1. Could you work out, for the range 120-198, what percent of all Cα-Cα pairs fall into each 5 Å distance bin, beginning at 0 Å and stopping at the bin that holds the largest distance?
2. Rounding to the nearest 20 debye, state how big the charge dipole of the range 562-607 is about its Cα centre with +1 on each Lys and Arg Cβ and -1 on each Asp and Glu Cβ.
3. Calculate one ³J(HN,Hα) per residue across the range 47-59 by plugging θ = phi - 60° into the Karplus curve 6.51 cos²θ - 1.76 cosθ + 1.60, and present them in order as whole Hz with x for glycine and proline.
4. Pick out, from Q185, A132, N212, the residue whose Cα sits farthest towards the positive end of the charge dipole of the range 112-262, with +1 on the Cβ of Lys and Arg and -1 on the Cβ of Asp and Glu.
5. Once you have the Kirkwood Rh of the range 405-444 from its Cα pairs, apply Stokes-Einstein at 37 °C and 0.692 mPa s and quote D in µm²/s.
6. Averaging sequence separations of C-alpha pairs under 8 Å and six or more residues apart, then dividing by the length of the range 184-236, give the relative contact order as a whole percent.
7. In what sequence, highest mean first, do 337-345, 269-277 appear when ranked by Cβ atoms within 10 angstrom?
8. Taking 0.36 nm per residue of sequence separation and subtracting the Cα-Cα distance, how much length would be gained by fully extending the chain between W187 and V124, in nm to one decimal?
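The values are calculated or read from the model by the stated rules, or taken from the named source; none is laboratory data. Computed from a prediction, not measured in an experiment: that's the story for all the values here. Cβ placement follows ideal geometry from the backbone for every residue including glycine, while neighbour counts extend to all protein chains displayed. Note: accessible area is taken over every heavy atom of the protein model, side chains too, but ligands, DNA and RNA are not part of it. Shrake-Rupley method; radii C 1.70, N 1.55, O 1.52, S 1.80 Å.
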Amino acid sequence: MSDQGKRQEGKNLKSSTFPPKAHFPLMVGYKCIEREQATSMAAKEKLEAVLNVALRVPSIMLLDVLYRWDVSSFFQQIQRSSLNNNPLFQYKYLALNMHYVGYILSVVLLTLPRQHLVQLYLYVLTALLLYAGHQISRDYVRSELESAYEGPMYLEPLSMNRFTTALIGQLVVCTLCSCVMKTKQIWLFSAHMLPLLARLCLVPLETIVIINKFAMIFTGLEVLYFLASNLLVPYNLAKSAYRELVQVVEVYGLLALGMSLWNQLVVPVLFMVFWLVLFALQIYSYFSTRDQPASRERLLFLFLTSIAECCSTPYSLLGLVFTVSFVALGVLTLCKFYLQGYRAFMNDPAMNRGMTEGVTLLILAVQTGLIELQVVHRAFLLSIILFIVVASILQSMLEIADPIVLALGASRDKSLWKHFRAVSLCLFLLVFPAYMAYMICQFFHMDFWLLIIISSSILTSLQVLGTLFIYVLFMVEEFRKEPVENMDDVIYYVNGTYRLLEFLVALCVVAYGVSETIFGEWTVMGSMIIFIHSYYNVWLRAQLGWKSFLLRRDAVNKIKSLPIATKEQLEKHNDICAICYQDMKTAVITPCSHFFHAGCLKKWLYVQETCPLCHCQLKNSSYLPGLGPDPTQPPNPGAEQNIGPQQGTDPPGVDHPAGRNVSGPSDSNTLAVERPKSQEETVGSKDNTLVPDTCPVAGIQAEERRQELQGILQEDLTQD
């Protein structure tokens, strides 16, 4: 190809790859438009989410009011008043029907789709605006009758001012109605302006009164016509909703339907907003009737009594439960953010949902019959329940902080700020539960429930002490640059002591509950709670503890059954432990002739029963005491180094069929680690040969194996 052809081809390629310079402003403009559209869409979604919650809160408030409404006392008040002769209040069943109709309307408003709910509120808003317009006309006609002036308005300044004010108000009402209903036919909402037009035409005042009544009747007829034209809309909505529900149940099941409704209605946020509105109204009603400021003790009593007033119905109790759950979630999120910063959200976006504290409050409230008590007794009982919830939040904070603090102590991170945050949070969890237990003993008479709170707080402080003790051991080990002997045993005993105390407290709670059920008042709910508590907090904990004890005992027995390496074998082996990467002054020998520290191998056996290097099963009866050869028998001379057996060599006790070619280990994770030697040591060795630093399996490097072993040991340490 000629040079001219090449240049033409290059121009064509450039024009096809890169757009002309004139197109770059257009591309930038398109990107800006797309960014603005994305921003507007995000804002629209947030607004829809807010409306989805805010427009459903009145339905729950109506349910709460209907639950509080006592029909019998209502009719007794009606009989004492002047409304006794009203035919609407002659029959009690009419009020009962109104009660049930209110429940149905509340449920419909609660489950209505967002688009139809917004449309319904717009209709209600239009009706309120029309009522406001007629109220303005009625007030204007009354003021004109009181003035008794029938002449031209421009001759009387007061009459002109009244007319101008009423006219502006009516125009605003008509404009708002046309905007809400999205129509340009403004005359449909201007019937209440007829009295003003009549006054402008100098119509007599008596006639203006008749015109005002006619305007009200005309507006009422418009509303009736609108309702009649949309009479089948509720039926069609119910029919389509029933069809969709049947299809969802047939395809996905009832559970999927329940989860879909839960997510669409945003039930936790909805009930939380409802309860916060109730609480704010209760606080406002208190301060609006008090002139002088209250003392600190009075404010604390006001806080408890306001909460007690706002949990007198099942709906408000659910609102309090979800509010406590969100508060617990916020505290736990703040705790994790304090420990890890923004990494807490990247590593664990789900976070702790805080539902444990909410469920605890709900169970205790149902068991003690909280909503049936008087306000003062309810406030006292609620204070005890809130103490239990706070103790649960502290325990959840410790569950978040414990693995982070231990991992920070075991790591080589020398950031003082990270260590300060971890230690300061542990000190807070050490001091605050103890202070809370002290305050409970000072201000409350001791009973069994308070004893549970105190014991739980003391157990939390003890567990924090154990965590700090292990953290200090890790730091000492880091500064000494060599492992602390029996570290695993110390960790096991510290955690085991706490678990044993926790198990004894749970057992005492079950024993007290059983005694109260047998010798006291028996309830179905109390028996169910005792059964659940016995299963989860006693039986499962006992099973878990016994399983951990058996695993530990089995690992110790396996270690004891392995032969101990002699000094000559260690000198000849001249290697490091492949688990902790430290020099071996003492070691045990596995059946596959690999050397490990006894403590390191014991930690490994908690996880799996195979050799860390070649993955051979260590549970071999021929190497147990009294069942095979002498356990102190030296290993195979060809397997002195921590490398996999070469081709044609087998671990002791393994037979292969005749004629079968036996090669070395083929596991991709099989690897031996060689202690790094200096150049002088390598040159001064006996045979001047280099020992391979990797396993015969190609592609697996020592660093990968080291990271895998450290990860498994870290998980085991966290579980302990």
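1. Answer for the range 120-198: a P(r) of 3, 16, 26, 21, 14, 10, 7, 3, 1, 0 percent.
2. Working: 5 positive and 4 negative charges, 35 e Å.
Using Cβ point charges on Lys, Arg, Asp and Glu, the range 562-607 gives about 160 debye.
3. 5, 5, 5, 5, 5, 4, 8, 5, 6, 9, 4, x, 5
4. It is Q185, whose Cα lies furthest towards the positive end.
5. On the way: Rh = 11.8 Å.
Roughly 278 µm²/s, to the nearest whole number.
6. Numbers: 20 pairs, mean separation 19.1, N = 53.
For the range 184-236, the relative contact order is 36 percent.
7. Details: 337-345: 14.9, 269-277: 20.4.
Descending packing order for the listed peptides: 269-277, 337-345.
8. Working: separation 63, 0.36 × 63 = 22.68 nm, distance 1.91 nm.
My answer for the length gained is 20.8 nm.
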